[in-house]
Amino acid sequence: MALEPEIRNWHQPDIHADRRPFLMARHRVKSALRVWFEAEGFLEVECGALQVSPGNETHLQAFATVYEGYEGARPFYLHTSPEFSCKKLLAAGETQIVDFARVWRNGETGPLHSPEFTMVEWYRAGADLRAVMEDCTAMCRVAVDRLERSELIWRDDVCDPHMEPEYLSLCEAFQRYTRIDLESVLEDREAFAAAARAAGISFSVDASWSDIFSAVLVSKVEHRLGQGRLTFLHSYPVCEAALARPQPDDPRFAERFELYACGVELANGFGELTDPVEQRRRFEADMDLKEQIYGVRYPLDEQFLLALETMPDASGVALGFERLVMLSAGARRIEDVIWTPFG
C-alpha cells in the first residue's frame, strides 16, 4: 500500500505543522485519561513488549524476533496486547491496573489501522462487565470534554457520548439488521450459510462458521452501530470470545462486549475466563486453525496458564487510544494522531 506524501514525509516542518493540532489533541486526551484513572484508584503499570507468546487468536499476526543470550538464541514476539502480563499481575495481587501499552499487529494498515499503536488496557478485580462498560462511557466523555467538543465524529457520522448508551446483544443486532436468527444457527454452519446468503452476504464456499459470522458483522451490522449515541454490542457466541467466560445463565454466549461510536469499534471487553483447562483447550483449537489457514502457530504462554489458577474474577477492557483521539478530534485517519507514523 503506497503511503500518501504527507504521511511518508511527516518530518517536514510544514506537514508537521498541519498535523500538530491533532497531536496536541492526543496529548491532552492522554493526560485527561491518566487523571481519570488515578481518581478511580487505578495503578498504572508498564508491561514488557517482548513475550514468549504474542497472543493466541487465530487471525492476529505478530512480529517475531530473536533474543541472543548467553544460553543461546530464543524466539520472542512483540505482544499484540498486554493482556497476558496484566492478568499475571492480577494473579500476583494487583486489583485495579491500567497500561497505556504500545502494541504491534503485523499486516494491519488503513485509515483505522496501524501496525504499531497504543492500547489502553485496564482491569478491575471483582467487578462485573457493566462496571467496565461504564468506564468506557466515562472515557469517551472525558476525551470530548477535554477537547471542548460535544461529539465524536468519523467522516459523516456523529455520536454524542453524553447520551445514554445503547446496549444491544448480538442476537438482537443480527435480527434487527439482517433478519438472521443467530440463536437458531449457533451450531449449524449450513443453516447459517443459507441465512447469510439470503441476507445478501458474500463469503467463500469453504468459509467456516466464524468466517460467516465475521462477514455478517462487518458487512451488515458494524457500520450501523454507535450512530447518534454509543453502542455496546454484547453477549457474543462463546466461540467468538476466546478469553471470556461463559454467561452463567446461557453458556452458549460469553461475557464479551465491543464498544462502537460512528460505526467504529473503540473497545473490546471481557468478563475474564480464569479456568486454565478451558483456556488451554480454546488456545489449542485456535492455533490448530491458525496453522491450517496460515501455516504458522504461536506457542502458548505456560506461565500465563499457570497464573489463571490464582487469578481473581475480573473484568477488563482494551481500548484503541488513537481511535478515541481520532473521533474526539475529528481526524481523517489514524496517522494524523500518531507522532511518528509507520512507513
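The values are calculated or read from the model by the stated rules, or taken from the named source; none is laboratory data. Just so it is clear, the structure is predicted and the values come from calculations on it, not from any experiment. Cβ atoms come from the backbone with ideal geometry, glycine included; neighbour counts cover every protein chain shown.
Number of residues in the stretch 279-292 that are surrounded by 14 or more Cβ atoms within 10 Å (Cβ to Cβ) and not basic (Lys, Arg) equals 6.
Glu265 - would you say it is surrounded by fewer than 23 Cβ atoms within 10 Å (Cβ to Cβ), of a type outside the set (A, V, I, L, M, F, W, C) and over 18 Å from Ala127 (Cβ atoms)? Spell out the reasoning first.
On the way: surrounded by fewer than 23 Cβ atoms within 10 Å (Cβ to Cβ): yes; of a type outside the set (A, V, I, L, M, F, W, C): yes; over 18 Å from Ala127 (Cβ atoms): yes.
Answer is yes for this residue.
If you go through the stretch 99-110 and keep only what is at pLDDT 95 or above and over 24 Å from Leu89 (Cα atoms), you end up with just Asn106.
Considering (1) of a type in the set (Lys, Arg); (2) over 23 Å from the mean Cα position of the chain (by Cα); (3) surrounded by fewer than 18 Cβ atoms within 10 Å (Cβ to Cβ), the lone condition that Arg146 does not fulfil carries the number (3). Residues that are of a type in the set (D, E, K, R), more than 11 Å from Leu327 (Cα to Cα) and in contact (Cβ under 8 Å) with a residue 60 or more places away in the chain within the stretch 128-159 comprise Asp128, Asp135, Asp145, Arg146, listed in sequence order. Is it the case that the stretch 30-45 has a residue that's under 19 Å from the mean Cα position of the chain (by Cα), of a type in the set (Lys, Arg) and under 24 Å from Trp339 (Cα atoms)? For the stretch 30-45, residues under 19 Å from the mean Cα position of the chain (by Cα), of a type in the set (Lys, Arg) and under 24 Å from Trp339 (Cα atoms): present.
Mind counting the residues in the stretch 310-343 that are assigned to a loop (DSSP other than H, G, I, E, B), in contact with a helix residue (DSSP H, G or I) (Cβ under 9 Å, 6 or more places away or on another chain) and farther than 30 Å from Ala254 by Cβ? So that I can check it myself, show each step before the final result.
So the first thing to find is which residues in the stretch 310-343 are assigned to a loop (DSSP other than H, G, I, E, B), and the list is 310-313, 330-333, 338-343.
Next, only the ones that are in contact with a helix residue (DSSP H, G or I) (Cβ under 9 Å, 6 or more places away or on another chain) stay: 310-312, 330-333, 338-339, 341-343.
Checking which are farther than 30 Å from Ala254 by Cβ leaves us with 330-333, 338-339, 341-343.
Residues meeting the conditions: 9.
Candidates are the residues of the stretch 183-220 that are surrounded by 13 or more Cβ atoms within 10 Å (Cβ to Cβ) and of a type in the set (Lys, Arg); the one that is farthest from Pro237 (Cα to Cα) is Lys220. Starting from residues that are assigned to a helix (DSSP H, G or I) and closer than 15 Å to Leu170 by Cβ, keep the ones in the stretch 180-191 and report whichever is nearest to the chain's Cα centre (by Cα). Taking the candidates together, the pick is Leu182. Of all residues in the stretch 221-240 being among the small types (Gly, Ala, Ser) and farther than 17 Å from Arg130 by Cα, which is surrounded by the fewest Cβ atoms within 10 Å (Cβ to Cβ)? Checked the stretch 221-240; the qualifying residue surrounded by the fewest Cβ atoms within 10 Å (Cβ to Cβ) is Gly228.
Condition check ((1) more than 16 Å from the chain's Cα centre (by Cα); (2) among the charged types (D, E, K, R)) across all residues:
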| residue | (1), (2) |
| --- | --- |
| Ala62 | no, no |
| Glu68 | yes, yes |
| Leu78 | yes, no |
| Phe84 | no, no |
| Arg105 | no, yes |
| Met119 | no, no |
| Trp122 | no, no |
| Gly126 | yes, no |
| Arg130 | yes, yes |
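Cβ-Cβ contacts under 6 Å between residues 6 or more apart (or on different chains), taken from a first residue in the stretch 98-119 that is buried (at least 19 other Cβ atoms within 10 Å of the Cβ) and among the acidic types (Asp, Glu) to a second residue that is assigned to a strand (DSSP E or B) and at pLDDT 95 or above, are listed as Asp99/Glu121. Of all residues in the stretch 256-278, those that are within 13 Å of Cys136 (Cβ to Cβ) have Cβ atoms under 6 Å from Cβ atoms of residues that are among the basic types (Lys, Arg), 6 or more apart or on another chain, in Leu266/Arg323; Phe270/Arg256.
Residues in the stretch 241-255 that are among the acidic types (Asp, Glu) and free of Cβ contacts under 8 Å to residues at least 24 places away in the same chain were compared, and the one that is surrounded by the most Cβ atoms within 10 Å (Cβ to Cβ) is Asp250.
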